[in-house]
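Step one of this worksheet: look at the structure below.
The values are calculated or read from the model by the stated rules, or taken from the named source; none is laboratory data. Note that the structure is a prediction, hence the values are computed from the model and not measured. Virtual Cβ from ideal backbone geometry, glycine too; neighbours counted across all protein chains shown.
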Amino acid sequence: MKAVRESTNLDPGRRPDWRWRRVLHLIDAPRPRRCSVHDDDCYIRKAREIALRLENANDLDIRDMEFSEPGALMAIRIHQNRKRNRRIIGCLQARLLAGQPFEEIANLLSMPPSAVEWYEALFFHVKDYLMHRDWIINAVLMPPLKRFMKKLRSGASTLAGPLEEDPSVFCWAYFGGPGVVDAVLHGVLHDMPSTTEKLNARFGRQFAFSVRHRALQAIFHYEINERTLKPLLTLNQHLMALAKKATTGRLPLRGRGQIRAPGHVEHRTQSISHRETARCRLARRASR
């Protein structure tokens, strides 16, 4: 009953792959269940048919499905081989969260638009719900972030891997849209210069962008506890000081209770008043 309940359009507990879960619910039984006329749409009915045919399909049957249902078959194969297709799946999901059209995504990934449509319908149904921000955060963005944080704590994963394997990329893609997804997905700026004279400046911009991008990636997974709270507050205070300098032209005076950075050494300098400066100038003139 849960699989049937998740097929409703408005359900805060719905998962992005609710259609494929419904298909598995129908076929994973001693006797495969039939589709419901009221609860199962054309995607579920066709996916159930293809999944049953794939269980005992020979080469001739697979070639026939490649000709009759190329998009659905490709989407199911991508999902079934998801460990090998992690990069393709990462690009697909990030671009779908950014709201890019199926045709544009298919052109970038060199695959038929019907395969993108079938993958979105069966395994990552977010296109119709991008305006439901809380559901996107709770059901789509948070679960992979929690799994990734668990891997980081256990040492099974690191932040040095490919960018598309980091779930924070999906957050930047969703909140940034199509204009951001290319940069965060591959970590490369696309403003390539037309002349070699501008190449050094282009390399400098790329280096600065890569450093900031990786820093954002790291701070996104920054764990807050008793050991990291004070450095985090110190960093925030330094950023506030730099922001004030950018607006006023000078750094704020350090207060008595201001938090100092770890390992900070205070250098005391003797301040000279305006009168002492004037006396020094008069002494120089007299000596001349």
**Request:** Could you please let me know if ALA98 is in contact with a helix residue (DSSP H, G or I) (Cβ under 9 Å, 6 or more places away or on another chain), hydrophobic (A, V, I, L, M, F, W, C) and modelled with pLDDT under 95?
**Result:** yes
**Prompt:** Scanning for something assigned to a helix (DSSP H, G or I) and either in contact with a Cys (Cβ under 6 Å, 6 or more places away or on another chain) or closer than 27 Å to MET131 by Cβ (or both), does the stretch 31-43 turn up at least one residue?
**Reply:** yes
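Residue-wise test of (1) outside any helix (DSSP H, G or I); (2) modelled with pLDDT under 65.
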| position | (1), (2) |
| --- | --- |
| ALA160 | yes, yes |
| SER194 | yes, no |
| ASN200 | no, no |
| PHE207 | no, no |
| PRO231 | no, no |
| GLN237 | no, no |
| THR247 | no, no |
**Cβ pairs under 6 Å, 6+ apart, first in the stretch 9-37 and within 17 Å of GLU55 (Cα to Cα), second of a type in the set (D, E, K, R) and surrounded by 10 or more Cβ atoms within 10 Å (Cβ to Cβ)** = VAL23/ARG48; LEU26/ARG33; LEU26/ARG48
**Message:** Quick check on ILE62: is it among the aliphatic types (A, V, I, L, M), over 20 Å from the mean Cα position of the chain (by Cα), closer than 17 Å to VAL23 by Cα and modelled with pLDDT under 95?
**Reply:** no
**Criterion: within 24 Å of HIS186 (Cα to Cα) and in contact with a Pro (Cβ under 7 Å, 6 or more places away or on another chain) - qualifying residue of GLY71, GLY90, GLY99** = GLY99
